[in-house]
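Taking it in order: structure first as C-alpha cells, then the write-up.
No lab work stands behind these numbers, since they all come straight from the coordinates. In this text the structure is predicted, and so the values were computed from the model without any measurement. Cβ placement follows ideal geometry from the backbone for every residue including glycine, while neighbour counts extend to all protein chains displayed.
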Amino acid sequence: MRRNRVIFLILWILSLIGISVRGGTVTYGLFFLLSLLPVISLLYIVLVILTFKVYQRVEGREIICNRKAVFYFSLQNESPFLFSGVKAEFFSSFFTISGISDGTEYELAPKSGIRKRTDMICHYRGEYEVGIRRLIVQDYLRLFSIPYRNREPYIALVKPDIVQLNDIRNAKLMIGTMEDAAERTEPDLLSREYVNGDDVRLINWKTSAATNRLMVRERTGERQQGVGIVFEPERCSDKKEIYLPVENKILEAVIALTLYLSRQGIPVSVYFSKKETEEMHVDRENGFEELYAAASDYRFRETGTAKLLYEELLQRSVLYDKKAVFFIVNRWDAALFTLADRLSLGNVSVVVYLISDEEQEKIREHSKVKVIRIATDADLTEVM
C-alpha cells in the first residue's frame with residue numbers, strides 16, 4: 001500500500017508539472033483524473049462500510065469453557081459493485097479459532113457472500129464478545145485502508161467447564177477425618193463467643209486466652225458432618241481481561257470440588273451471595289445440576305458483598321457443624337481471616353483456595369488455616 005501511494009504521488013506531481021509546463025486538454029484531463037481518484041476511492045470504502053454485512057452464529061445451544069464449539073460466520077456483499085480487499089480481524093483475548101487467520105483477504109461479487117465454518121474455543125466462563133472484531137476495507141488502487149468495528153459482534157454466553165478431579169491431595173487428612181467421624185459416639189465440642197445468660201462453667205479458658213474473647217463450649221448433640229464451600233461474590237476489577245479469568249477459575253474450582261466430594265458420599269453445602277446469602281445442598285444423588293446452573297448464571301457483585309457474606313456466616317454459625325470448610329476467593333482480607341480463625345478454633349478444618357496470579361505474603365501468617373494459591377491458568381487436577 002505504501003508503494004502504491006508513492007507511485008500515485010509521483011504520477012500526480014508529474015501531471016502537475018505537465019500542466020505547468022505544457023498545458024493542453026490531455027494534460028489537464030490526466031491531472032483532474034488523478035486528483036479525483038483518491039476521492040472516488042474513499043467513496044468506494046464508504047459504500048462498502050454501509051452495505052457490507054456480517055452474520056455469525058454458534059452451532060448448538062451451549063458454549064462450554066475450554067471445549068470446542070462449531071462457529072459459522074458469513075460475509076455478505078449486498079451492493080451491485082464488486083468488493084475487493086476486505087479483511088476480517090477476530091477477537092483474540094478470550095477465545096481462539098482454528099484454520100482462519102486475520103490476514104485472509106476476501107473478494108465478494110455483487111449480491112453474493114462467503115460462508116465459513118471453523119472451530120472455536122472460549123477460554124473463560126462469562127458473557128463477552130467473540131468472532132469478528134473489526135473489518136478492514138481497502139480500495140481498488142490500494143491507496144487507503146480503513147478499519148471499522150463490526151456493528152453486530154457475537155455475544156457468547158459461556159458456561160463453566162466441569163473438571164473431573166481424581167483426588168484432593170491438599171485435603172487428604174481432612175477427608176480422612178470426616179470418614180473416621182462416623183465411628184464417634186460422643187457429641188463434638190465447639191467453641192463460640194460468650195453471650196449474656198451462658199453458663200460460666202462452660203467457659204473455655206484456653207480458647208478465650210488465645211482469642212482475647214470469652215469463648216464457651218457448646219455441645220452440638222450430633223457429630224459434625226459434611227463440608228461447606230464458600231466462594232468469593234465480589235468482582236475484582238471493572239476490566240474484563242482481569243476479572244474474567246479470576247471468576248472463571250473460582251466457579252470452576254467450586255464445581256470441581258463439589259462434584260468430587262459429593263461422589264465420595266460426602267454431603268456438600270455451598271454458600272454464596274446474591275441479594276441475600278444463598279445455600280445449596282449437593283449429595284451423591286441430588287443437587288449438582290442445580291448448582292451447575294446457578295454457577296453458570298451467577299453474576300459477581302459490587303465491592304463490599306464479600307465482607308457482608310463472611311459476617312453473616314459468622315453470626316449464623318452455620319459452618320460450625322461442618323467437618324471442613326473450603327473458601328474459594330480472590331483476596332485474603334480481615335473479614336475472611338476472622339471467619340477462618342473462628343472456625344479453626346471450633347475444630348473445623350479450613351482450606352482457603354486463593355485464586356490469584358500474585359504471591360501474597362500475609363496469607364502465611366495464619367498457621368491453622370491451609371492456604372493454597374491457584375493461578376488463573378492452572379490445571380485444577382494438578383493443584384487441588
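Below, the figures for the structure above:
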quantity	calculated
Charge dipole (region 88-129, unit charges on Cβ, about Cα centre) - positive-most of Gly113, Phe91, Gly126	Gly113
Under 26 Å between alpha carbons - lysine pairs in region 1-159 that sit 8 or more apart or on different chains	10
For region 1-159: relative contact order, % (alpha-carbon pairs under 8 angstrom, 6 or more apart)	26
Hz values of 3J(HN,Hα) by residue in region 347-359 - Karplus curve (6.51, -1.76, 1.60), Gly and Pro given as x	6, 9, 6, 10, 10, 10, 8, 9, 7, 7, 9, 10, 5
Span-like helix ranges in the chain, DSSP H, alpha carbon extent 27 angstrom or more, Kyte mean at least 0.5	2-21, 25-51, 240-263
Cβ-placed point charges (K, R +1; D, E -1), dipole of region 1-159 about Cα centre in debye, nearest 20	160
Given (i) 5, 21, 25, 19, 14, 9, 5, 2, 0; (ii) 4, 18, 22, 16, 12, 10, 8, 5, 4, 2, 1, 0; (iii) 5, 26, 35, 24, 9, 1, the label whose value is P(r) over Cα pairs in 10 Å bins from 0, in percent derived from this model	(ii)
Peptides 314-320, 22-28 ordered by average Cβ neighbours within 10 Å, highest first	314-320, 22-28
Point-charge dipole on Cβ atoms (K/R +1, D/E -1) for the chain, about Cα centre, debye to 20	1560
Relative packing of peptides 42-49, 338-345, 101-108 - highest average C-beta neighbours within 10 Å first	338-345, 42-49, 101-108
Cα-centred dipole magnitude for region 118-161, charges only on beta-carbon of K, R (+1) and D, E (-1), debye, nearest 20	160
Two-decimal Rg/Rh across region 1-159, once Rg and the Kirkwood Rh are taken from alpha-carbon atoms	1.16
Peptides ranked, highest mean first, by Cβ atoms within 10 Å: ranges 242-250, 256-264	242-250, 256-264
Environment charge at Glu232 (Cβ cut-off 9 Å; Lys +1, Arg +1, Asp -1, Glu -1)	-1
